[in-house]
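Nothing in this text is a laboratory measurement; each read-out follows from the coordinates by a stated rule. Being a predicted model, the structure only gives us computed values, none of them experimental. Don't worry about glycine lacking a Cβ; one is built from the backbone with ideal geometry, like all the others, and counts go over all protein chains shown.
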Amino acid sequence: MHLRMLVATAILSSAITGTAFAAAPAKIKVSLLGEGGAGMEIKLSQSTVKAGKIQFDVTNDAITESHEVVLVKLNSPDQAIPVVKEKHRIDEGKLKALGEVEGLKAGEHGKLVVTLRPGAYELLCNIKGHYEAGMHTVLVVK
């Protein structure tokens, strides 16, 4: 009888706190690469993930360059995001940013946790000239 009470107490405690049954977020490693005057890119540890809570572990692997990562929802995986040519940046006001990790100096780390529904998303660096240099990638959520 004592064992049953302990088990019941543990189950009730977990239900109240929500800790035992809360799903851990899927984790995606994000590497920000590239230096000024050269090609730049965002590399993901996986390009497809199941819908739900997702944690992006972001590392700026550049040697000297600062980077950021902005997450936006796309209408389709091949949607083109226009660059404002005179600013050499994306107009973030025309997109729905779902979150970002900004101002990462070389070697710094950051984290972004979001809940995503099925669809296509783009991760991009919107520091002047970086998007044009190739610093963007698509994530498909199923």
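Basic side chains Lys and Arg get +1 at the Cβ, acidic Asp and Glu get -1 at the Cβ, and with that the dipole of region 24-113 about its Cα centre reaches some 440 debye.
Counted over region 24-141 with a bin width of 10 Å, the fraction of Cα pairs per bin, in whole percents, is 14, 49, 32, 4, 0. In region 24-141, taking the dipole from charged Cβ atoms about the Cα centre, the farthest positive-side position among HIS130, VAL58, PRO25 is held by PRO25. Report, in whole Å, the centroid distance computed from the Cα atoms of region 33-53 and region 92-137. That distance is 9 Å.
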